[in-house]
Structure formats: structure tokens, C-alpha cells
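This report concerns only the one structure given below.
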Amino acid sequence: MSTVSLNSNNNANRPNGNGTPEATDSQPYQAPLPWGRWSLRAVALLYLALVLIIPLIFLAQNGLAQGASAFWQAVRLPVAWSALLLTLWTAAVMAAINGVMGTLTAYVIVRYRFPGKALLNAVIDLPLSIPTLVTGVMLVILFGPQTAIGAWLQQHLHIQIIFAPPGIILALLFITFPFVVRAIQPVLEAMDREPEAAAATLGAGPITIFRRITLPVIRLPLLSGMLLSFARGIGEFGAIVLVSGNIPFHTQTAAVYVLGEVESQDQLGASAMSLLMLAIAFGLVLLVDILQQRSPRQEVAL
Amino acid sequence: MSIVLEHLTKRYEGHPVVNAVSLEIGDGEFFVLLGPSGSGKSTVLRMIAGLAPSDAGRVLLQGRDVTGLPPQRRDIGFVFQQYALFQHMTVAENIAFGLRVRHASAAERRRRCDELLELVGLAGLGGRYPRQLSGGQQQRVALARALAPRPAVLLLDEPFGALDAKIRIEMRRNLRQIQRELGVTTIFVTHDQEEAFELGDRLGVMNVGRLLEVGPPDELYLRPQTEFAATFLGSANLLLGETTSDGVRLGPLTFPLGTQAGALAEPQRVQVLFRPEDIALASSKDDLAGPPLGEGQVEQTTFAGTFERLVLRLPKIPGVRPIAPVAPFGSDHLLIEATRNQEQARRFPLHAGESMWVGVHRLHALIHPGLSLLLVTNGSATSQAALSLGGQIARLAHARTSIIGAGLDEVQLQATVQAIKEQLAGIPALQTRAIAASTAQAVREETERQAYDLVVLGIGPQDDPDLVEQVLGAGEHHVLLVSRAQTALPTKALICVSGGEASKEDVLFAGRLARHLGATATLLSVLPENADIPEERERATRFLEAGARTLALLDVPAAPVLRSGPLRETIQAEMMAGGHSLLVVGAPMRPFSVARIRPILAGEVSYPVLVVRSPYAAAAALSRASAKQEEMV
């Protein structure tokens, strides 16, 4: 899901100098193949149904099989509810940090020249290609209680990273690193710099210029980047399962809880929680889509 | 003085894009900075505003040195070509922005905002967003926004460039009125001379980074001091002539001098300017309202609303070189531009092909700058030969000449110059300067200080071809490479051309130099031996014949020669066979790579080589560079 939404994100934010949507229907320069056009559509729709829709329907059907109240009860089980809350708040903290640091990173990459800029630009996408489980392993190696850093932090600052919420947040930050940066970067690049110069001649200092002139332009892509990383964060499993320690009521996240339910044959618990996570993620992605459709037309109008 | 600029300089990749601009602008003055795109005028404005850092020089606003200050602390208002409005704020919020960052009260902001909306004619539109306004309205908002904090200085960077003609004229009048009302000192940058004339109390004309002339519009139009100002401010007919005690001489014709104050005692080479409206036309010599220029034919007539524009073709006047309008390549006659009002056109209708007499009822003479030469010496025997030959050329061409001693001290340089005293005698203006630097560095430093047409450089076979590349890369001058002990003046030039715009430039400059030297020329085109296609041959022949006609117009006898074979060998064989003593090759302006002419220079070259630079060949590369520069500022 993540890669797909990232791509659509970049497309939506492209400067719309000639922003007329391409004709999706018949292309005049292609010889019409009457059977070909419809069979192509049929194949695409069938594929979508097989891969996406049917599993979703079965999941929904399974989750709601015993009625809405059973679904609600399964979700409101104290252990399930605490896992859900933990998932939501860690993802929220991650999205907030991502919003600030992602904006900073994108700003630095677009506006400044420095040695290693090309390398940094390439490294940003790295988390997308690293298996999330490997991310977890890396964090355990770095911050685990047996390692120098982890032990030092715990002894002197009484901060526990691994098997605690900070570890979860760190893991989420790692895997969602590109989301905000890549959402803002094209908008910053396409942005007209003259209004900032105008603000400077009118007496505005650098901070005022950023807050009053630059930020309003990147506001929507920033928000959609944060929402995307949040959506990605609540479903994360691989990176968290190692660092969280999976302690019920303490460090067990929703995704890990689902695994536990599946393993203990509680199909209702698993599919109810899955369905809820799915609904949240789907809602967020939908919101992002709406934001992105508004964003280029109104904010980057050149 | 409200605005004072002192030797303001900005470099881009080592080359000055603004070169030592000095200027003083008085309180309440409306000053227009006029120049073609790429002349550096916008960069000057941005340096005044603090939006682009300067590399040297100072900016003083109201007597305060603001050179190192950021734009926020300069107390200026700036209007951009593309409006640069804040799209997410309403018109009123845009205008109040400058007041808001200065912590003005809400009531004060509202009052000032209404006042300015009224002033620019947008009362009641404060609640709109910029995208709901037309281009002209948006630029009015930008103007109001810039004026709101009551800046000491208003700077406008081609503000009407993006608007259509009718709105532009309306905006111009509004701006002039507002500026008078407020009395704010204003600099307005434009490339449109009509706009400049209508707006400016004074104009400054810029070209390639230099501020050439400053003065009131009518003064600059009627009595320009430079060729560039004469041709850039409206159409101009410019011919090369001479002043005498009787007036201005153009070949066999003499005109009483109208506008040039103070008769010149000594004959002096001048450029004779007459504007299209200074031309008198009549059916016979006796009916002319002014002294006659000759009998000619109408080449073309154009209806232009309030007047009629004519292009006239006159037979070549012996000894007179046209500067503007540029005679088409290969033509052997003069072209003259004329305008008449519709009343005159009705009384004496003229059509293409018809003959009439052409007279001039007003003219202005500009001192002809002639060639300017830079001779470079480093004390070596080869450079001494170059100095000697360069000195002879300078004398024959009446060229303003500088000699720089690279890596020499003042005493050594004077000794070097003394050694060739005879060759240098009679040069009108001679400067010498010792620069403690390498040859390439010294040339770069000197050509940046002052523009030269031709740099004469001694280069032996042992010299590094990289040196040639560096000297060519230092500026836009042509270069004459003098090898070994070549001190005799060239009498026959071999001009190598390949056709196309760049080669036209080569022919023109080589022709100018050959004319001064009294040399004859051969125009050579070499076709690759295995690609001798009839069409190519035909095209090259056409170009060579046109080139020979153009040289004839410059009084240089020339013979076209077409050969095929390997480039270097063919050129060398032709040099020997034809008894040539000067080789002329073309090279692009920038980025310059010596690779193209390296094979010609390789080995024993016993004759001087003139490398002629053409702006055409490098136009694409230059536009890329300037786009990059835009990005930077």
C-alpha cells in the first residue's frame, strides 16, 4: 500500500502548469480495437476484485459475522483496547515528529547546497526497500539492554528504548522517514520564490517568511504526508514485533495483538481488530486523496 | 542623493554580469534603467534591494551604506515582474503585510490599506484573493503592497512586462501619476524604450553589465554618445564618416554639422547618426528639404498607423561603412530607414521599386570609438614580436591601445615598450599597465576593467595551447596570435569560413581589420573530402560569393575559393600557395574550447592567426548559463 500511495502522491503534487487531466477514455491516435478495449478493462477489474476486493469482503464478513455487538465486544476487550490505544498514540507521536523533521529535511534538501546532498536525497528512500523486520533487528542491536548505548541510556537517564513505547516510535519513524519529505519536496521545488523575496523587502524576517509565506504553500502536502505516515504506522508489524517485546497492556500493538489472536485460534478477535485498523487506514488514505486533489490547484497555482 | 551606487559589481562564474556600475539618483527622481535582456539591469536592481549579494562596490540609500544589510533593513519597496503576491492572503492582507510585520495597529493597517486601494484604483476589492484579479489588477496590488510601509525608495523590475499592450500604457500613466503624487524616489527597470521615454526623468542605458550612458530621454535620443545607445533607443541610421572644419564628411559628401556643439579642429573619425524622421524624400535633388545623400530606390514600405516606415536602398558611397541598419550579408549597397507622417506619404506616395532622392535634414556625430586593442607582453622574444606587430596594427587602425606587462614590474614594462618605440608612434591613446600575474590572469583582469575588441598575444610553438584557451575564455574579445618573429604587416588574409551566422561575423571583423591594414583577402571554404555533395558545394559557393560582396562593401578586394580535403592540410597548402600572411578562423564565444582550432595551430605555424569570436555559435550555451544564473539569485 505504501509505495502505491507514495507514487500517486508525487503525481498529484506535480506543478500543474498544464494540469489538464489526460484523457482516460479513447485515445484518438490509437486504432480502436473493439474487443481489446473492453477485455482490457475486464482483466483490470477482475484482477482488482481477486487481489483486493474479495479478501476485504471476506474479512468484513468474518469480522461482522456474529453481529455488530460481538464485533464491538471483541474490540473493547481490555487487552485489545489498550493495544489499539498504544498503536494510535505511538503513531500520532511519530507523525508529529515526522511532520517537523520531514519539513526540515525537505527544506534543507531543496533550498541549500551542501556536500553529500545527492547521497542524502538517495538515502531517504532507503527505508522503503529495507525489510521492516531488519529495521527491528537494527534497533535491537543499537538500543537493546545488552548494548553499550541501551545500557547507558537506561542507567543514566532511566530511558528504556527496546521493549518500551520509545522503541516502537523509533521503529515507526525509521520506516516512515520518506513519507513527509517526499510529499513536501516537489511542492517546495516548484514553489515560486519571488513571494518570499517580496516578504523580505517588506521587512519580514526569515522566521516570519517561513511561517507566513512558505508554510501555507506546503501545508496540505505536509498534512497528507503526516496522515500517510500515520496510516502506515498503525498497521506496522515487522519492525515492531521485535522491539516492542509484545507485553500485553504495555507494549503490545494492535498488529501484534492480531497475530496473537490468530495463533490462539480466536478468529473473531483477529478479524474484528483487523477490520477496525483497516477502516482507520482506509479513512485516512481517503482523506489524503481529498487533500491532494485540493492541494496543487489552490496552493501551488503559479 | 537618495540612491548612490559606487562601482557595483557582480560576477557569475568569474565573469562580471554587472561591471563597476556607478550612479547617483536624486530625491523624488524617476529613474529608468534600460537595456536588453541579459544586460545586468535587473541584477543591479536586486543588488540595490539586497536580494542579490554584490561582489564589489557600495550601495548607499539616503546617505546610509546598506551594502551589507539584508533587504529587511533597507527601507525599500520592490515590485516584481510576476507580481509575487501572497496567493493565500486577500488583497487587503497582502497590502497590510509590511505594516503587520512592523506591528502597526489594526486600525492603522485598515486605514492605510483603504488609502492605497484608493490610490491604485482598486477601492472595494480588498476582500478578493489575487487569483480572482486580472494581471493588471494584481500588479496594482503589488504596487500598493510595496508602497504601504512608505519606503524611501521604490524599485520596479519590469513590472509591466507580463501585461498586454493596452493595459501596459494605462498602468504606465497611473504609475507616473502616483509617483509624482508621493514623490518617492523610483528606479524602474525595462527593456522597452517607449516605456523608458514616457516614464523617466532620466534614463540609464545598460549593455553587457556596463552602464553606458545616463541622461534625460530627449538628450539620449537626439545626442547619444555611444553606438549602442544610438541604436538601442529607437531606429538609427549610422554611417562611419569624418568631421572636418566644414562639418561632417561622408565620403565625397559634406554635411553642415547640426547638433554637435563645438567644431572639432582636427579631422576625426565619427559615427554619423540620423534618425528615420530626419530623412527627407523628394522626386528631384532640388526639391529636397535637406542636403542630399543620394538617389535611391524604395526597398519596402510599411504602414505603421500614425506614420509610414520605409526602407531605402542607396548605392554604396565610396569610403563609407554602414554600421546600422546592418546591411544584409552579401549586399553591396546601403540601407537607410526612413519614416514619414501620413500627410507626407499622401503628398508624395512611394511604392517598392520606385526611385527618389534622399536627403538628411538633421544629423548628429558621435565620436567613433574605433577598435580597441590590448597588447600583452611577458618580456619574451615571441611576445616582443606580438607587441611590435600589434603596435603597427594599432597605428594603422587608429585604435585605442593598452599594453599590459604580465608578470613584469613597471620598470621592465617601460623598457619593453621603449624597445619598440617607432612601431608605437602615432597611436592616438596609449596606456600601459604592469600586472603581477600570469598572462591569462592579467588578460582576464584587464578585459574586465575595460572591454577590448582585439587582444594581441605572442605564442610560440612551445607555448601551452591551454594559454590560448584561457585568454579566449577571459572575455568576448577576438584574439590575434602572433608566433615567432612575425613582425611584417600581413598583406593578404586567408579567411576560413564554414557558412552560417557565425561565419558572417568572422567575415565582417576580418574585413574591418584587413581594411585598416590595406590588405586583400581570400575567402576559403573547405569541404570534407569524402562528403563533397553537390548541394553542400552550391551552398558554400553562395556563401563565399556573398562574403566577397560584403568585403567589397568594406573596400577589401576578396576572392572566393572552394576546396575539399582534410582541413588542416588544405588550409596550410592554401596559405603557402596564395602567398597569404594572416590566417582568420572563427571560434564560439563561450564556453570556449580550443579543440576546434588546435589542429590549425599545431606544429610550426609561421604566420599570425586571428581568432574571431561570434556570439551566434554560443547563443545556446549562453542562454543556459543565464537561466542558471536566474536560479541562483
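Bear in mind these aren't lab numbers, they're just calculated from the coordinates by the rules spelled out. Everything quoted here is computed from the prediction, not taken from an experiment. With ideal geometry, Cβ positions are generated from the backbone for all residues, glycine too; neighbour counts draw on all protein chains shown.
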Q) Taking Cα pairs under 8 Å and at least six residues apart, what relative contact order does region A:68-301 come out at, in percent? A) 31 percent
Q) Which angle from 0 to 90°, rounded to the nearest 10, does the C-alpha axis of helix B:165-182 make with the longest principal axis of chain B? A) 60 degrees
Q) Whose amide H sits under 5 Å from the amide H of residue A:235, counting only residues 5 or more places off or on another chain, with H placed in the peptide plane? A) none
Q) Dipole of region A:68-301, Cα-centred, from +1 at each Lys and Arg C-beta and -1 at each Asp and Glu C-beta, to the nearest 20 debye? A) 600 debye
Q) How much of the DSSP beta bridge set in the protein assembly as shown is antiparallel, as a percent to the nearest 5? A) 55 percent
**Q.** Expected 222 nm ellipticity per residue - DSSP helices of 4 or more, -39500 (n - 2.57), all of chain B, to 500
**A.** -10000 deg cm²/dmol
**Q.** Folded to 0 to 90 degrees: helix B:135-147 orientation relative to chain B principal axis, Cα
**A.** 80 degrees
Q: First measure r as the distance between the Cβ atoms of residue B:341 and residue B:115, then evaluate 1/(1 + (r/R0)^6) with R0 = 35 Å and state the FRET efficiency to the nearest 0.05.
A: 0.20
(Q) Explain nothing, just the number: dipole magnitude of the protein assembly as shown about its Cα centre with +1 on each Lys and Arg Cβ and -1 on each Asp and Glu Cβ, in debye rounded to the nearest 20. (A) 1580 debye
(Q) I need the helices of chain A that pass two filters: whole DSSP H segments spanning 24 Å or more by Cα along the axis, and mean Kyte-Doolittle score no lower than 1.0. (A) A:78-111, A:215-234
Q: Calculate how many DSSP beta bridges within chain B are antiparallel, expressed in % of all such bridges and rounded to the nearest 5.
A: 55 percent
Q: May I ask for the angle, rounded to the nearest 10°, between helix B:381-397 and the longest principal axis of chain B, with both axes built from Cα atoms and the value confined to 0 to 90°?
A: 70 degrees
Q) Of all the Cα-Cα pairs you can form in chain B, what percent are over 36 Å apart? A) 49 percent
Q | Burial ranking of peptide ranges B:41-48, A:205-212, B:270-277 (average Cβ count within 10 Å, highest at the top) | A | B:41-48, B:270-277, A:205-212
Q: Give the total of Lys-Lys pairs in the protein assembly as shown with Cα-Cα distances below 25 Å; include a pair only if its members are 8 or more places apart or on different chains.
A: 9
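Starting from the coordinates of the alpha-carbon atoms of region A:68-301, obtain the Kirkwood hydrodynamic radius over all distinct pairs and give the value in Å to one decimal. If you can, show how the numbers build up before the last one.
Details: mean 1/r = 0.0512 Å⁻¹.
Result for region A:68-301, one decimal place: 19.5 Å.
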Q) Roughly how crowded by other chains is peptide A:211-217, in terms of the mean Cβ count from those chains within 10 Å of each of its Cβ atoms? A) 3
Q: Report the relative contact order of chain B, percent, no decimals, based on alpha-carbon pairs under 8 angstrom and at least 6 residues apart.
A: 10 percent
Q. Scattering from the C-alpha atoms of region B:342-428 alone, worked out with Debye: what is log10 I(q)/I(0) at q = 0.15, 0.27 1/Å?
A. -0.63, -1.33
Q) What does the average come to when, for each residue of peptide B:40-53, you count the partner chain Cβ atoms lying within 10 Å of its Cβ? A) 1
(Q) For a Förster distance of 22 Å, can you work out the FRET efficiency between the beta-carbons of residue B:488 and residue B:381, rounded to the nearest 0.05? (A) 0.85
